[in-house]
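This report concerns only the one structure given below.
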Amino acid sequence: MKTKQHTSLFNQNLIVQAVKYSIIKLNPALLIRNPVIFMVGIGALLTTIIIFYGIYQGSFSSFNLKIAIWLWITVLFSNFSEAIAEGRGKAQANSLKKNRTQIKARKLNGKQEISVYATELKKGDMVICEEGDVIPSDGEVIEGIASVDESAITGESAPVIRENGGDRSAVTGGTKVISDRILIRITTESGNTFIDRMIALVEGAKRQKTPNEIALSILLSGLSIIFLLAVVTLPSFFGYSLKASGLTQSQNLTLPVLIALLVCLIPTTIGGLLSAIGISGMDRLLQRNVIATSGRAIEAAGDVDVLLLDKTGTITLGNRMATDFIPAEDVSVEELADAAQLSSLSDETPEGRSIVVLAKEKFNIRGRDMNSLHATFIPFTAQSRMSGVDIRKDDGKLHQIRKGSSEAIRNFIHNNNGFYPQKIKDTVSAIARQGATPLVVAKDKKVLGLIHLKDIVKGGIKQRFAELRKMGIKTVMITGDNPLTAAAIAAEAGVDDFMAEAKPEDKLRRIREEQINGHLVGMIGDGTNDAPALAQADIGIAMNSGTQAAREAGNMVDLDSNPTKLIEVVEVGKQLLMTRGSLTTFSIANDVAKYFAIIPALALPLYASKDGTGVLSALNIMNLMSPQSAILSAIIFNAIIIILLVPLALKGVRYRPVTANKALTRNLFIFGLGGIIAPFIGIKLIDLLINL
Amino acid sequence: MNEFSLIEFIQLVIFFGLLIGLTPVLGNYMSKVFAGNKHFMLPVLGWLEKYTYKLVRINPTEETNWKTYTINLLLFHSAGFTFIFLIQLFQAYLPLNPANLSDVSWHSAFNISVSFITNTNWQDYAGETTLSYLVQMIGLTVQNFVSAATGIAVLMALIRGIFRKTTDRVGNFWIDLTRTTLYVLLPLSILFSIVLVGQGVVQNFKPYEAVQTLQGTQQVIPMGPAASQIAIKQLGTNGGGFFNSNSSHPFENPTPFSNFLEMLAILLIPASLTFTYGKMVGSVRQGWTIFATMLFFLVAGLSISIYAEYSANPIFGHLPLMEGKETRFGITNSVLWSTFTTAASNGSVNAMHDSLSPVTGMIAMINIMLGEVIFGGVGAGLYGMFIFIILTVFIAGLMVGRTPEYLGKKVEAFEVQMAIIAVLAPAFVILIFSAWAAVGNNGLSGINNAGPHGLSEILYAFSSAAGNNGSAFAGLNVNTVFYNITLGIGMLIGRFGVIIPVLAIAGRMAEKKIIPPSSGTFRTDNLLFIGLLIAVILIIGGLTFFPALSLGPVTEHLLLRIGITF
């Protein structure tokens, strides 16, 4: 998967393949999937037949030949854009495919183990994988625990643990077991695994059009029909005008010229690039290590306007960190830090480690050897809800150092007949109100002070949320914390709303509520209990490290299992839709100039004055050389604009997180206004070139 | 009279001031009528509404889905068509025929019937020499009301489709029809016809009078119940004159004041409906956005036309063209009327469009070809504009990075498909039928003028039919079997080929959820959107007809500049 070397848009291999496929795609059965380009194809074919008929009749028109050639080129360019997009997607998918073709699976038949090809596996089959085996297909661990190397799909070289039950039971075909033995139940039919689906999505033939693509195709076909009406009625009006100008009907418009006019008017640019845009959207998602199970999902991602984000991992760094020591009265801060560090030396939890780090940073207290101190580590338990050390001093006296929640330490102090000061209680609630966690440190019967443990909000996340807000996306933080803590973190991170003490079913309920109010909701999750919410959400991204149930429920899988991915997916979706809209606008805006090129060229002989130029040549504002070069310039422009826009279709238009209005103004300026002006310049230049 | 004067400019300012001022007043009133809220006409006419429902057995609380709504609408129009068709065929045997007019020919009767049920009011006949008082009154005047009311009813179903969510009910056709007629059209036209009678418009059942002219010849002066029909022909964007020469006839339009009022009446309801729309979809701003777009086209067309008419005519030296203009009121008022009547799908005339300069004639034609969306027919203009809004939202909406939506409703394949049909239907009529007429003897024999002007006449006739406008270039002899039938079919396609898709969209939209607006939503109530909408209308509407127009009026204009006329 980490085949990111083709960030360069084209490499030679791809281009050769794409050229080959552009010709294969001339097959009418394939071409008809794209009605606009199909129309161009028919025009090209008709023009070609006319040329041969002309030769048969003993006349040859080099002008018609040029038209025919450029019409064929238009079709080929369109095919090429699709082929190159597919090629890029396939190149990424193929590396995965290769892994799987020759895999043998150890299938359990009753108690007996038989060897079959991975492709012969059915849903529900049981297979055994041991150290060194490649997992033959997507499935779920039924028995055992193993470490699995998933670098083939995630690119991450560190192995991950897969075990039965819990949230880490899903395994993906093509990954490799590197220790232990697991029993796997196959959950996906052969040919329908994630990788298979992903390959299918980038392969043109099996690609389903997405809802918006279908709607756009209807629009483009409709426009084509309207322009077809304008063109087929032209000979009649033209014939009338010929008669009125005293000319003979034999000078009426030729079919190739009419075809050229039609091809210039119908939206070939967007028609030719439409599927390339769709495929490359998929491809961009793949580059971010996200697999979508349908093209529809990417479109929905652009529409999402509410994001449910888990606090841990998305908004905050995974763990709480110690940020401050607050000593009790008549205790020095160094004494507190010293005790806190001692109590945490053997504490392997992230919180414990952060205390050691803080003590070193602030007071330069170094690590000490527990054995030489005669210290015994007292680990955290659910009953005691505190941890610490017991130190036997040289005088034989036992000192107990403990850290824990306010309540646990108070009990500890009371048991030792100590006194728990009011001031500490007050500070505890003050810290809690700020959304942080206070840990109280005590030595024997005396409270030494507090450690301020804070959820660290990820750097830059606040700005990210502000950007999302500009784009009209509401962020909701989901956390198991109490409302006080949650509110404080929500404020710090700048989310719009939060759900405290949230249970999985609360998530589902919240999604439904938002949807009833017309919102589209995106979320990311991993556990089996996330599955209903993932299925309900408009965009449900399952983490690859999660359960098979979650992966089936979501419509995307994030191979990196990175919760922030949700935001990137939304951006990919928006960029895809923007690209599609911008190129549509560009394509339609182009028509204005083409009319001004072709109509005066056609009408040159009508109502002509003595010098032979008709009055309508006043419309020839580009001052094109001759009617023939005007028509040719228009269709040449029409063809090469497709190929010039291929890189844009593949890369997508530039995306910035701004309000809808700003995005619209910008794109409209570039693609709308640019779309009107560009062909005037382009056609004029081509006209100059071909008349050199 | 040869220059655009200050007085005329002041008249324009007053006119647009009044239009903008009256829009929220009438618009607000109509929103109350259609929402079923209390309004001041309810105590006056409420009993009649209830009685009507009882009489025709309608449950006023029952609403239907879009399909039933459409079927009711079509049934109603079929019945209307059959009735008018029959009374024309047998008018000689029916009462209220003091001029002893004979039966109408079948093809003409077909054309007239279609023309009036589709709110086109194309007239292939001279009213005073063809139709009896009975046909004019219970046939045509009734249709003047109900065909206009139908336009508003369709709009109401559409508005409900937009602001409602997750339902399939879009309203009840019979109720919308009754309410529009009873509370909007009837009171306004009674008020208006009283003013018109005060200005000297005739309203009687007398037989035609024969008088001795100063030259000593006999002249027959037609009479009849004109004022009542004129009021509704203007208000309901019908446009079918009582007399052949329509509002250039002194009995239809006697004074400059009546002229001013009749022009205002053309635009009044279509303009006010934009406010009603905004009010009912929950944002008055949305309504004004549409109003502004329409006003832009109107003012732009008007400015070009006035400029063209006052420009020196190369043939007469420095004088503007006067032939065919309304000489009593001057060029400006002729141009104003021609612009309004074509923009608003009215079709009444006070000058002969045939005699307008090529550019003004082309503007009139473009007004119609753009789909009659510049205020347009009552209801029809706004739902026509809605089609362009759908297309604009779809094309440009993607550029904000979301799938397109309008007022919280997603615009998907079905809506696009219907919108395309609604755009295709009139374009098909205009282009295919005109092309047919321009090649065959059937069509060409009707042309009075040679050269590009003849082509303009044909194009104008089919545009007028497809746009349900009803005005004519008048140079074309259309009372032939060919034109009666093709124009009749054109009117049907132009009317129902748009109404049915619009109702289908209304039905589909009512079923959708409403997405709450946010800063990520594509705004449809600002200047940028107005600009976009204008561009889409011009590009889609205009480019379709550019080749045809360039061979007609554009060529004619260019030829006029070098001194050639037809």
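Every condition in (1) touching an Asp or Glu at 6+ places or on another chain (Cβ under 8 Å); (2) farther than 29 Å from A:L358 by Cα is met by A:M477 except one, and the failing one is (2). Of all the criteria given as (1) at pLDDT 85 or above; (2) more than 11 Å from every other protein chain (Cβ to nearest Cβ); (3) surrounded by 21 or more Cβ atoms within 10 Å (Cβ to Cβ), the one not satisfied by A:A531 is (1).
A residue that is within 8 Å of another protein chain (Cβ to nearest Cβ) and either small (G, A, S) or surrounded by 24 or more Cβ atoms within 10 Å (Cβ to Cβ) (or both) cannot be found anywhere in the stretch A:308-318. A:N371 meets all of the listed conditions (1) surrounded by 14 or more Cβ atoms within 10 Å (Cβ to Cβ); (2) more than 50 Å from the chain's Cα centre (by Cα); (3) modelled with pLDDT under 75 but one, namely (1). Given the structure, is B:G397 surrounded by fewer than 20 Cβ atoms within 10 Å (Cβ to Cβ) and at the interface with chain A (Cβ under 10 Å from one of its Cβ atoms)? No, not satisfied. Considering only residues in the stretch B:422-432 that are within 8 Å of chain A (Cβ to nearest Cβ) and not aromatic (F, W, Y), the one that is farthest from A:V232 (Cα to Cα) turns out to be B:V423.
Every residue in the stretch A:669-685 that is of a type in the set (F, W, Y) and more than 11 Å from chain B (Cβ to nearest Cβ), please. Listed by number, the list holds a single entry, A:F680.
Within the stretch B:369-391, can one find any residue that is within 7 Å of chain A (Cβ to nearest Cβ) and either among the acidic types (D, E) or touching a helix residue (DSSP H, G or I) at 6+ places or on another chain (Cβ under 9 Å) (or both)? No; the residues of the stretch B:369-391 include none that is within 7 Å of chain A (Cβ to nearest Cβ) and either among the acidic types (D, E) or touching a helix residue (DSSP H, G or I) at 6+ places or on another chain (Cβ under 9 Å) (or both). Contact annotation: no residue pair with Cβ atoms under 6 Å, 6 or more positions apart or on different chains, pairs a residue in the stretch A:216-232 that is within 15 Å of B:L549 (Cα to Cα) with a partner that is among the aromatic types (F, W, Y) and buried (at least 21 other Cβ atoms within 10 Å of the Cβ).
Of all residues assigned to the stretch B:19-26, none qualifies as being more than 14 Å from B:F291 (Cβ to Cβ) and either surrounded by fewer than 18 Cβ atoms within 10 Å (Cβ to Cβ) or out of contact with any Pro (no Cβ under 7 Å at 6 or more places or on another chain) (or both).
Inside the stretch B:433-523, counting only helices (runs of 4 or more DSSP H) that do not spill past its ends, which hold 3 or more residues that are within 30 Å of B:E556 (Cα to Cα) and either away from every other protein chain (no Cβ under 14 Å) or charged (D, E, K, R) (or both)?
Numbers: elements: B:434-439, B:441-444, B:451-466, B:481-510.
Passing ranges, in order: B:451-466, B:481-510.
If the condition is being of a type in the set (S, T, Y) and either more than 24 Å from A:T376 (Cβ to Cβ) or touching a His at 6+ places or on another chain (Cβ under 8 Å) (or both), then the stretch A:314-345 contributes A:T314, A:T316, A:T323, A:S332.
Checking the condition part of a helix (DSSP H, G or I) and more than 28 Å from B:L503 (Cβ to Cβ), which residue from B:I20, B:I84, B:I71 passes? First the steps, then the outcome.
Working: B:I84 fails: more than 28 Å from B:L503 (Cβ to Cβ); B:I71 fails: more than 28 Å from B:L503 (Cβ to Cβ).
The match here is B:I20.
Among the residues making up the stretch B:400-421, a single one is surrounded by fewer than 24 Cβ atoms within 10 Å (Cβ to Cβ), facing chain A (nearest Cβ under 7 Å) and among the charged types (D, E, K, R): B:E412. Counting only strands (runs of 3 or more DSSP E) wholly contained in the stretch A:409-491, the ones carrying 1 or more residues that are surrounded by fewer than 18 Cβ atoms within 10 Å (Cβ to Cβ) and away from every other protein chain (no Cβ under 14 Å) occupy A:446-457.
Residues to consider are A:G525, A:G581; find the one that is under 21 Å from A:R288 (Cα atoms) and either away from every other protein chain (no Cβ under 14 Å) or at pLDDT 80 or above (or both). Answer to the check: A:G525.
When A:I178, A:I186 are screened for being on the phi < 0 side of the Ramachandran plot, modelled with pLDDT under 85 and away from chain B (no Cβ under 14 Å), only A:I178 passes. Filtering A:I279, A:I259, A:I270 for residues that are crowded, with 24+ Cβ neighbours inside 10 Å, touching a residue at least 40 places away in the same chain (Cβ under 8 Å) and either in contact with an Asp or Glu (Cβ under 8 Å, 6 or more places away or on another chain) or not in a helix (DSSP H, G or I) (or both) leaves a single hit, A:I279. Consider the stretch A:196-219 and keep the residues that are surrounded by 20 or more Cβ atoms within 10 Å (Cβ to Cβ) and more than 10 Å from chain B (Cβ to nearest Cβ). The one that is modelled with the lowest pLDDT is A:G204. Quick one: would you say A:I539 is within 14 Å of chain B (Cβ to nearest Cβ), within 20 Å of A:G295 (Cβ to Cβ) and touching a residue at least 12 places away in the same chain (Cβ under 8 Å)? Spelling it out, A:I539 is indeed within 14 Å of chain B (Cβ to nearest Cβ), within 20 Å of A:G295 (Cβ to Cβ) and touching a residue at least 12 places away in the same chain (Cβ under 8 Å).
At least 2 residues being surrounded by fewer than 24 Cβ atoms within 10 Å (Cβ to Cβ), modelled with pLDDT of 75 or more and of a type in the set (A, V, I, L, M, F, W, C) is the threshold, and among the helices (runs of 4 or more DSSP H) wholly inside the stretch B:162-269 those reaching it are B:173-179, B:186-199. As for the stretch A:294-306, it holds no residue that is of a type in the set (A, V, I, L, M, F, W, C), more than 14 Å from chain B (Cβ to nearest Cβ), under 30 Å from A:I84 (Cβ atoms) and surrounded by 22 or more Cβ atoms within 10 Å (Cβ to Cβ).
In the stretch A:654-681, which residues are surrounded by fewer than 17 Cβ atoms within 10 Å (Cβ to Cβ), at pLDDT 90 or above and among the aromatic types (F, W, Y)? Scanning the stretch A:654-681 gives a single hit, A:F669.
The values are calculated or read from the model by the stated rules, or taken from the named source; none is laboratory data. The model shown is predicted, which means the values in this text are computed figures rather than measured ones. Positions of Cβ are generated from backbone atoms using ideal geometry, with glycine treated the same way; all protein chains shown enter the neighbour counts.
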